[in-house]
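The values are calculated or read from the model by the stated rules, or taken from the named source; none is laboratory data. Computed from a predicted structure; not experimentally measured. No Cβ is skipped: glycine too gets one built from the backbone with ideal geometry, and neighbour counts run over all protein chains shown. Just the protein is used for accessible areas: all its heavy atoms, side chains included, with ligands, DNA and RNA removed. Shrake-Rupley method; radii C 1.70, N 1.55, O 1.52, S 1.80 Å.
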Amino acid sequence: MNNQQRNELCHCGSGKKYKNCCMRKDEAQAQLSKQQYDVRRVIGPKTSPYMFWKRWSAACGRNEFGLVYDMLLPNGELAEKFRTAEDFFVNINEIGLPYESRWNLDKIKLNGTKCMFLCHRTDSEDKNADIICSLMTLQLTELGLRVENIQRAICKPTSDFILSFDIFGVSSAETEYLKKTKAGWTRPDLTDEATRFVAPEE
């Protein structure tokens, strides 16, 4: 076990302080060596999207980032960006993983073998604070759901703000419907004329 102090020269001989060199990598190795769960026992072909979110959140909350890394889609954008579990752990703050209890899972979109989680969080109780949104894109594989990519966006809480997949360029029937109704459109079957009672002829 490495007991090197943060401000000592790094043990690798780089001449840098430990905290600016190998500290995160050593922390990653120590953390990953504690992994207790095999992803195949946590996520299976029949695991529903919502249960995936719960198990993903539990692993993130326990700092089991080796298990979290195993939930990524092999050859997916995120796995390609961070080719090893150690690299993933070291750059965890850059990724900004969405998970309970810091994030709210707002919407799930299913389309064939693809699944999307739309989440949001606010970093302040101020109603005017920015809203941080996240889109997790998952693929259904023969082993179950795996995370392909995670995107983030920062939105302003304007009066007409709608939390929707459109924020990330994903078409949404919900947003189209809201735009139409805001412009005055009414479903024909809900108009007064359509719902007016007509007495049967005698």
Hits in region 1-48 (condition: modelled with pLDDT under 75, assigned to a helix (DSSP H, G or I) and open to solvent by 90 Å² or more (accessible area, probe 1.4 Å))
LYS25
Since ASP123 meets every condition but one in (1) in contact with an Asp or Glu (Cβ under 8 Å, 6 or more places away or on another chain); (2) under 20 Å from LYS81 (Cα atoms); (3) open to solvent by 70 Å² or more (accessible area, probe 1.4 Å), which condition does it not meet?
(2)
Take the residues of region 60-74 that are under 13 Å from the mean Cα position of the chain (by Cα) and in contact (Cβ under 8 Å) with a residue 60 or more places away in the chain: which is surrounded by the fewest Cβ atoms within 10 Å (Cβ to Cβ)?
MET71
Within region 129-178, how many residues are touching a Phe, Trp or Tyr at 6+ places or on another chain (Cβ under 6 Å) and open to solvent by less than 50 Å² (accessible area, probe 1.4 Å)?
4
